[in-house]
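Derivation of every value follows stated rules applied to the coordinates shown; laboratory data play no part. These numbers were taken from a predicted model, which means no experiment stands behind them. Note that each Cβ is placed from the backbone with ideal geometry, even for glycine, and that neighbours are counted across all protein chains shown.
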Amino acid sequence: MAEIQINSLNKSFGKSRVIKNVSLCIKSRSFTVIVGPSGCGKSTLLRMIAGLEKIDSGEIKIAGKSVNDLPPKDRDIAMVFQSYALYPHMTVFNNMAFGLKLEKKSKIEIKERVKEAARILQIESLLDRKPKQLSGGQKQRVAIGRAITRNPKVFLFDEPLSNLDAALRVATRIELANLHDSMPDATMVYVTHDQVEAMTLANQIIVLSEGQIEQIGSPLELYEKPQNLFVAKFIGSPAMNIIPIEIFTKGINSFGKIGEKLKISLETNFNSSDMGREIYLGFRPENLILSKKDENSFSARVSFVESLGEYALVYASVEGSSSDHDIIAKVLGTPKISKGDQVSFQIQKGKMHLFDEEGKRYVNGKKQV
Amino acid sequence: MKFKLNLSSIFSQLLLLFFVILWITPTFGLLISSFRDKDQLAISGWWTSLINTEVSEIHRTKGKNEQSKENEVYFIRGNLFKEDKGKKILSFGVTSKNINAYMVGEKAVLKDKSEIVVFENGDYEWRSENEFKKKKGRRIFITAKSPPSFTLDNYKEVLFEAGLGQAFLNTIAVALPATLIPLIICSFFAYSLTWMNFFGRDILLATIIASLVVPLQMSLIPILTIYNDLGALFNIEAKSFPGIWMAHTGFGLASTTFLLWNFMKSLPNEMLEAAKVDGASHYDTFVRIVIPLSIPAFASIFILQFLWVWNDLLVGLVFLDKHPSEIILTAKLKELLGSYGENWEILTTGAFISMTVPLFIFFSLQRFFIRGLVAGSVKG
């Protein structure tokens, strides 16, 4: 049982504030992924949990105990690094046994625990090799094995897959998910900039941007109810379409205006005080459907089509817009559309996301707090 | 890799060849000279010693006491050479005016009608109808081909008689500790400068780098004064081996620390952090991870510092006495140069002895040397 509780954490490097007043809770036994663009402070946050970076202010608790002043080894954690960080002069066995040897465990126990970890990761045949004789995927397994042998309460992963090639990344991702299943007592914290890794591995995702938490939630929550524009754009590939829209009519089923001519139903209740406000309309590419021209549709001109067989990505610019392709539609099959065509799109019912000027999500005409 | 022949590569190859020749020639010459006979060394260059050379010599036959009588004819037989060095006689003469009057095997008829024949290997036969009267033998002038001849006598003389052997041991006694002590101290120092945070670290590092430019000559006298004062205070010898070890340690401290620091900061940061997470203290990290990975850097710094101390004359002259028990090789060579300036066999041999250790170190550790020079350019 190891819950990680973080209270108003702050960290600066020189003048730049990297972590700004972050508070969060990572539940025991969860697989939590911290995701965000590069430079958002996610690695710093992880390294602060690990004890590799000093805390400017705030508190980190692991299993209810404040670890602010504890060195990494006393925090009951293990960390897997992006560059594997194996000891190049030691065999795989010694790499995995290093921590146990420092703890002065008996030789028999060390051997047992290393063997057990090697069995889980299927690297038993590699134990006598040196790291330079291993492939990238094998090195990463050894690095994970080194973490497992120490049998910690919390596993910390710092972008462990980003040095692997695409195919291996997918395979290792699945293995990581299995690993979490086989060690149900462990809490895993995983940092990545890859939202696919985040969506597939996590049962809790923390989206971080510029040192602040944008949203915490399960993968589907983030996908279906992004709390702000940043999360909306960050989660999902291709990214969510965002177009500015002006509130045009009030009442149930208010209309919005795109550009000069287009009007679109917003499925939301706006007051008269909201009239004329510029807000953002978001919808995912797969929620756009080709339709006939009617009051709920809007027309757009196709700028190009990427046909991938299973589906096609249609890049189009909304009528009256100056930009070349401001929306992307994901259309199943192979639509008979080509560059320059005028098409009508409809947004699936209930799949609209509205954000105010500051990027906060609207729910039923009310801002989310 | 395919070898490309272009102008710049030809130029660099030629340049390399030039430097190789420039370096090999004198070294090789010194080596050959040190094994040559001292008499030959004095009159001909080392390059003549590898092939047969023609020499002209004077020898003397045996006198009347050695004669024998066979069938009323008197003979003196013998060999002109006192020892067999493989010389082959080409021609000979019986007067100094014409030293190659006769080919080998030819009969030379003397004024008293006696006949001398000299054979290739130096055997001769002097035949006369009358009894030989002279007590001394006759002078024979020969021209012979002499094969290359080498001797270990020079080494025997230089090592054991001129005292260079002791100086050689003294230099080892100076150079080994004077290399290992700074290496040990500086590896700790460089680790702390690289991986530990403490107040004033950057200033300390800047000071070390700045002190690299201070010439050591500046500090010789002040240090010697301190040594003298300390020696007087505790009533011990001011000039001693520990003294010179400390001096060399001090002089090598800055560069050794700098080189090691440079190497250690190239070690991947994440690896040391992994060790930290694994529970390693700074000491564990240093001993179990940083030292094993720094072996190439240690080796190259060992080579540099050892060669520097080995070839040093100035520090050795200042901090050590000239007793045979303390004098170092370079100082001894300088001394020999003064007293045996004419004896080339001593000087060439001595010089070569002083070169053996650097040569050995260079050739046996050269892969570390090359690795050390590019240390840090490739991550481990």
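Assorted remarks:
- Members of B:K239/B:K334; A:K339/A:K360; A:K101/B:K276; A:K42/A:K73 lying beyond 25 Å, as alpha-carbon distances in this model show: A:K339/A:K360
- Where the alpha-carbon atoms of the stretch A:4-234 are placed on the principal axes, they occupy 51, 40, 32 Å, in descending order.
- Residues whose amide H falls under 5 Å from that of A:L354, counting only those 5 or more places apart or on a different chain, are A:G282, A:Y362, with hydrogens built in the peptide plane.
- Simple rule: put +1 on each Lys or Arg Cβ and -1 on each Asp or Glu Cβ in the stretch A:4-234, find the dipole, and look at A:N203, A:L46, A:N228; the Cα lying farthest toward the positive end is A:L46.
- Our coupling estimate for the stretch B:135-141, obtained by passing each phi through the Karplus curve with A = 6.51, B = -1.76, C = 1.60 and θ = phi - 60°, is 6, 7, x, 9, 7, 10, 9 Hz, Gly and Pro reported as x.
- Shielding by other protein chains, A:69-76, mean Cβ within 10 Å: 3
- Amide H contacts under 5 Å for A:D341, placed H, 5+ residues apart: A:V302
- Rel. contact order, % - alpha carbon contacts under 8 angstrom, at least six apart, chain A: 15
- 3J(HN,Hα) along the stretch A:334-341: 10, x, 8, 10, 9, 3, x, 5 Hz, from the Karplus curve 6.51 cos²θ - 1.76 cosθ + 1.60 with θ = phi - 60°, whole Hz, x for Gly and Pro.
- Phi angles across the stretch B:201-217 convert, under the Karplus curve 6.51 cos²θ - 1.76 cosθ + 1.60 with θ = phi - 60°, into 3J(HN,Hα) values of 4, 5, 5, 4, 5, 4, 4, 4, 5, 5, 6, 4, 8, 7, x, 5, 4 Hz, Gly and Pro given as x.
- Ranked by the mean number of other Cβ atoms within 10 Å of their residues, highest first, the peptides A:73-82, B:141-150 come out as A:73-82, B:141-150.
- Cut-off under 5 Å, modelled amide H: who pairs with A:S209 long-range: A:E214
- Relative contact order (percent, whole number), the stretch B:97-138, Cα cutoff 8 Å, 6+ residue spacing: 25
- Folded to 0 to 90 degrees: helix B:241-264 orientation relative to chain B principal axis, Cα: 60
- Taking every residue in A:98-108 and counting other chain Cβ atoms within 10 Å of its Cβ, the average works out to 3.
- Listed residue pairs exceeding 28 Å between alpha carbons, taken from A:K105/A:K139; B:K87/B:K156; A:K65/A:K107; A:K65/A:K132: A:K65/A:K107; A:K65/A:K132
- Per residue of peptide B:279-291, the mean number of Cβ atoms on other chains within 10 Å of the residue Cβ is 3.
- Excluding same-chain neighbours fewer than eight residues apart, the lysines reachable from B:K69 by a Cα-Cα span under 26 Å are B:K82, B:K107, B:K111, B:K113, B:K133, B:K134, B:K135, B:K136.
- Just so you know, the averaged projected area of the alpha carbon convex hull for the stretch A:3-61 sits at 3.9 nm².
- Scoring A:181-188, B:63-70 by mean Cβ neighbours within 10 Å over their residues and listing the highest first yields A:181-188, B:63-70.
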